[in-house]
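Beneath this line is the structure, given in structure tokens, with notes to follow.
The values are calculated or read from the model by the stated rules, or taken from the named source; none is laboratory data. What you see is a predicted model, and the numbers here were worked out from it, not measured in a lab. Glycine also receives a Cβ, built like all others from the backbone with ideal geometry; neighbour counts cover every protein chain displayed. Only protein heavy atoms, including side chains, enter the accessible area calculation; ligands, DNA and RNA are left aside. Shrake-Rupley method; radii C 1.70, N 1.55, O 1.52, S 1.80 Å.
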Amino acid sequence: MSVERNTRAIEGSVVTDFEDRMSYGGYLDLATLLSAQRPLSDPEHHDELLFIVQHQTTELWLKLVLHELGAACRLLREDQLAPALKCIARVKHIQKTLTEQWSVLATLTPAEYGQFRGVLGNASGFQSAQYRAVEFTLGNKNAAMLRVFASDAAAHALVGAALEAPSLYDEFLRMLARSGYPIPAEVLERDVTQAWIYTPELVPVFTEIYRDPEAHWAAYETCEELVDLEDNFQLWRFRHLKTVERIIGFKTGTGGSSGVPFLQRALDLTFFPELYAVRTEL
């Protein structure tokens, strides 16, 4: 069937009656999703919709990241490494999308943002429960963060559960131990509610893996996947920092932080420090 007058005819087999059928909008509940963008500026500022959509889509992607990381942790507990790596691979693609997304927000100029920034009050991305749960799941835990969610029972429960659960790294190290690698007992028995800190006793274990990748391929591949996760996360943090600096300079954040200096310090936080330290030993 050719196109005539720049109009594509609808094929006869295409379903057009959705009186009693599932539709695209119905399946995705678009009526709810697309009604969730409610700018507060009055009169409504043109660029507030961009700001809302940017952050709402980020939260949707974070929901999927948590879904995949949760599955990866479960699969590692069950010694099902291959499907766990598939989950991690998906997270890596999501991270790239999240990082690229900053370029859209960066089109917001200081003058434009300044015209509606006041309506945010103290709302800040620092208060994202899903972001915090992702950080905790990757091992960068901080129980003090729970105070931020004290007024939101669901958010507090989400972040609290991530605080109490073993991290992705904990699960990987436990799997290595079950596979015969000499993971120190104090690592396996550590308090998982604490932030992971550099453990030099692990470096010889990873050195053995990295010096003979063929003999330790499964462990080696997983190590590199985890390094990818951390690299991507740090790129996201850096892009966030530069976007904030571009839009508000060194103003304080709406949530009360120092803004750019506070974000700068996040770049010093790590998830898998031994996987970087091992490179010096090779």
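Kindly establish whether ARG90 is over 30 Å from GLY118 (Cα atoms), in contact with a helix residue (DSSP H, G or I) (Cβ under 6 Å, 6 or more places away or on another chain) and open to solvent by 70 Å² or more (accessible area, probe 1.4 Å). Spelling it out, ARG90 is indeed over 30 Å from GLY118 (Cα atoms), in contact with a helix residue (DSSP H, G or I) (Cβ under 6 Å, 6 or more places away or on another chain) and open to solvent by 70 Å² or more (accessible area, probe 1.4 Å). Evaluated against (1) open to solvent by 70 Å² or more (accessible area, probe 1.4 Å); (2) more than 30 Å from SER124 (Cα to Cα); (3) part of a loop (DSSP other than H, G, I, E, B); (4) not β-branched (Val, Ile, Thr), GLY180 falls short on exactly one condition, (1). Taking the conditions exactly as written (under 27 Å from the mean Cα position of the chain (by Cα) and modelled with pLDDT of 95 or more), does PRO43 satisfy them or not? No. So which residues in the stretch 102-116 are closer than 15 Å to LEU49 by Cβ, touching a helix residue (DSSP H, G or I) at 6+ places or on another chain (Cβ under 8 Å), in a helix (DSSP H, G or I) and open to solvent by 30 Å² or more (accessible area, probe 1.4 Å), if there are any at all? Answer for the stretch 102-116, where residues must be closer than 15 Å to LEU49 by Cβ, touching a helix residue (DSSP H, G or I) at 6+ places or on another chain (Cβ under 8 Å), in a helix (DSSP H, G or I) and open to solvent by 30 Å² or more (accessible area, probe 1.4 Å): just VAL104. When ALA72 is tested against (1) in contact with a Lys or Arg (Cβ under 9 Å, 6 or more places away or on another chain); (2) open to solvent by 60 Å² or more (accessible area, probe 1.4 Å); (3) touching a residue at least 40 places away in the same chain (Cβ under 8 Å); (4) not in a loop (DSSP other than H, G, I, E, B), only condition (2) is not met. Somewhere in the stretch 152-165, is a residue open to solvent by 10 Å² or more (accessible area, probe 1.4 Å), within 22 Å of GLY256 (Cβ to Cβ) and part of a loop (DSSP other than H, G, I, E, B)? Yes - at least one qualifying residue is present in the stretch 152-165. Residue pairs whose Cβ atoms lie under 7 Å apart, sitting 6 or more positions apart in sequence or on different chains, and linking a residue in the stretch 271-282 that is within 12 Å of ILE209 (Cβ to Cβ) and in contact (Cβ under 8 Å) with a residue 12 or more places away in the chain to a partner that is among the basic types (Lys, Arg) and assigned to a helix (DSSP H, G or I), are LEU282/ARG211.
Among residues belonging to the stretch 135-145 that are aliphatic (A, V, I, L, M) and within 18 Å of the chain's Cα centre (by Cα), point out the one that is least open to solvent (accessible area, probe 1.4 Å).
Taking the stretch 135-145 first, the residues aliphatic (A, V, I, L, M) are 138, 143-145.
Still in the running and within 18 Å of the chain's Cα centre (by Cα): 138, 145.
Details: LEU138: 4, MET145: 34 Å².
Among residues in the stretch 135-145 that are aliphatic (A, V, I, L, M) and within 18 Å of the chain's Cα centre (by Cα), the one least open to solvent (accessible area, probe 1.4 Å) is LEU138.
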